[in-house]
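See structure below.
The values are calculated or read from the model by the stated rules, or taken from the named source; none is laboratory data. Just so we're clear, the structure is a prediction, and the values are computed from it rather than from any experiment. A quick note on method: Cβ atoms are made from the backbone with ideal geometry, for glycine too, and the neighbour counts reach across all protein chains shown. To get the accessible areas, we keep the full protein, side chains included, count just its heavy atoms, and leave off ligands, DNA and RNA. Shrake-Rupley method; radii C 1.70, N 1.55, O 1.52, S 1.80 Å.
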Amino acid sequence: MKFRGKIIDVACLNHFTRVITTISKLTKMCVLRLTPDNLFFVLSGKVANGGVSMWCELSQANFFDEYQMEGVSSEDNEICLEVTPENLSRALKTVQNAKAVKVKLTKKHCPCLTIAAELPTLSSVSRVVTHDVPVDVIPRRLWHEFKEPNMPDFDVSIYLPPLKTMKNIVDRMKNLSNFLVIEANLNGEMNLKIETDLVSVTTHFKDLGNPPWGDDASQDGGASQSRDPEAMVEARVDIRRLQQFLMGQQVNPSKAMCNIVHQRVVHLILLHEDVSLQYFIPAVA
């Protein structure tokens, strides 16, 4: 198993750092899957994670100037590592003005992702800063747990309002309740609601638009098509999970979408040119 990559372009380095920082706000631990063409950051929806799962996909060619990897074998040309994204984010943040940053899988006292940055200098002597981020290598027999999650057979798909606006509303609602109901329909309308014994608060959004796949994305092509456009579909979720997603967002997506399976799951998607981030929040009764 070998992996080494090099980032020279400062904009690519900043963007890569923002993606890692976003992930670090969503989860303490995750799996980094390296393939010849892509990097994936994966959190599988185990009960320990509160049932939350995440799938973030990056095309290596859009970030790395050099990228070489050899997987476990020629048939299984992948490497799976368990990483703490916060440690990776911290290391990358310290080298933002570097002339070049190399990332390499190394074996020190334990397996590490070693980040070596060549810093600008006024003299002819080069300065290199090195960070070793410990990782765990995941054995081949467990890889099946970290495959791309299936797109749920959702009832409604809708574009999200501006994420900053949504975050401000959710931050306020969190002071009043631990749970929030997200409801939406095929008419571009979405509501965020909390209800307690003392208070009931609803924020309405309209004219958000529904992604084109909302009409025929269900596997049988029928569920969404036969649905009354005005009819609301809802899911009640842990407000902290949603707040976590909105707080950590540094990807500045060109598109942000929400798919809802009625009373089952909220599937959030952020798309930005070369990055896609999917986040699944299970509904609670």
* Within a Cβ distance under 13 Å of LEU32, other residues only, what is the Lys/Arg minus Asp/Glu net charge? -> -3
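If r is the Cβ-Cβ distance from GLU82 to GLU230 and R0 is 45 Å, what FRET efficiency results, to the nearest 0.05? Please report the intermediate quantities before stating the final value.
Numbers: r = 46 Å, r/R0 = 1.02.
Efficiency computed from Cβ-Cβ geometry: 0.45.
In cubic angstrom, how much convex hull volume per residue do the alpha carbon atoms of the chain span?
Details: hull volume 43.4 nm³, N = 285.
Dividing the Cα hull volume of the chain by its residues yields 152 Å³.
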* Asked: In nm, to one decimal, how far is the ASN38 label point from the VAL72 one, both placed 7 Å along Cα→Cβ?
  -> 1.9
* Summing Lys, Arg as +1 and Asp, Glu as -1, what charge do residues with Cβ under 9 Å from the Cβ of VAL261 carry, VAL261 excluded? -> -1
* **Length-normalised contact order for the chain - Cα pairs under 8 Å, 6+ apart - percent** => 19
* Structure fact -> The farthest towards the positive end of the charge dipole of the chain, of the residues THR114, MET247, ASN14, given +1 on Cβ of Lys and Arg and -1 on Cβ of Asp and Glu, is THR114
* So which aspartates and glutamates can LYS108 reach, going by Cα to Cα under 18 Å and dropping same-chain residues fewer than 8 places off? -> GLU82, ASP132, ASP136
* Structure fact -> Taking only C-alpha positions in the stretch 1-101, Rg and Dmax in angstrom work out to 13.9, 43
* To do: Compute the distance in nm between two label points, each set 7 Å from the Cα along the Cα-to-Cβ direction, one at ASP207 and one at ASN150.
  => 3.9
* To do: Over the stretch 11-126, average the accessible area per residue using a 1.4 Å probe and give it in Å², no decimals.
  => 45
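Mind checking the dipole of the stretch 89-184: about its Cα centre, +1 per Lys or Arg Cβ, -1 per Asp or Glu Cβ, Debye to the nearest 20? Mind showing how you got there, number by number?
Numbers: 15 positive and 9 negative charges, 134 e Å.
Once rounded to the nearest 20, the dipole reads 640 debye.
How high is the FRET efficiency between LYS107 and LYS167 when r is their beta carbon distance and R₀ equals 35 Å, given to the nearest 0.05? Walk me through the intermediate numbers first.
Working: r = 41 Å, r/R0 = 1.18.
For R0 = 35 Å, the calculated efficiency reads 0.25.
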* To do: Using label points projected 7 Å from each Cα along Cα→Cβ, tell me how many nm separate VAL284 and ASP9, to one decimal.
  => 4.2
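Listed here are the pairs LYS2/LYS99; LYS28/LYS193; LYS6/LYS93; LYS28/LYS107; which of them are more than 19 Å apart at the Cα?
LYS2/LYS99; LYS28/LYS193; LYS28/LYS107
With a 1.4 Å probe and all protein chains left in place, how much of the accessible area of the stretch 22-137 comes from carbon and sulfur atoms, in whole percent? Show your work: numbers first, answer last.
Numbers: 2800 of 5590 Å².
That share works out to 50 percent.
Relative to the present Cα-Cα distance, how much length would full extension add between LYS25 and SER124 at 0.36 nm per residue of separation? Walk me through the intermediate numbers first.
Working: separation 99, 0.36 × 99 = 35.64 nm, distance 3.90 nm.
Stretched fully, the LYS25-SER124 segment lengthens by 31.7 nm.
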* Structure fact -> Expressed as a whole-number percentage, the relative contact order of the stretch 72-143 with C-alpha contacts under 8 angstrom and at least six residues apart is 32
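Given only helices, namely DSSP H runs of n ≥ 4 each adding -39500 (n - 2.57), what is the per-residue ellipticity at 222 nm of the chain, to the nearest 500 deg cm²/dmol? Present the calculation step by step, with values, prior to reporting the outcome.
Values: 4 runs with 47 residues, N = 285.
My calculation for the chain gives -5000 deg cm²/dmol from helical runs alone.
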* To do: Just tell me which aspartates and glutamates come within less than 19 Å, Cα to Cα, of LYS174; anything on the same chain fewer than 8 places away is out.
  => GLU183, GLU195, ASP197, GLU234, ASP238
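Of the accessible area of the stretch 144-285, with the probe set at 1.4 angstrom, what percent is carbon plus sulfur? Walk me through the numbers before you get to the answer.
Numbers: 3310 of 7130 Å².
Carbon and sulfur together cover 46 percent of it.
Which value, in Å², gives the accessible area per residue of the stretch 128-259 when a 1.4 Å probe is used on the protein heavy atoms?
Details: 7080 Å² over 132 residues.
Heavy-atom accessible area per residue stands at 54 Å².
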* Proximal charge balance of THR21 [Cβ under 12 Å; K/R count +1, D/E count -1] -> +3
* **Cβ-placed point charges (K, R +1; D, E -1), dipole of the chain about Cα centre in debye, nearest 20** => 1440
* Could you compute the FRET efficiency for SER200 and HIS272, with r as their C-beta to C-beta distance and R0 at 35 Å, rounded to 0.05? => 0.45
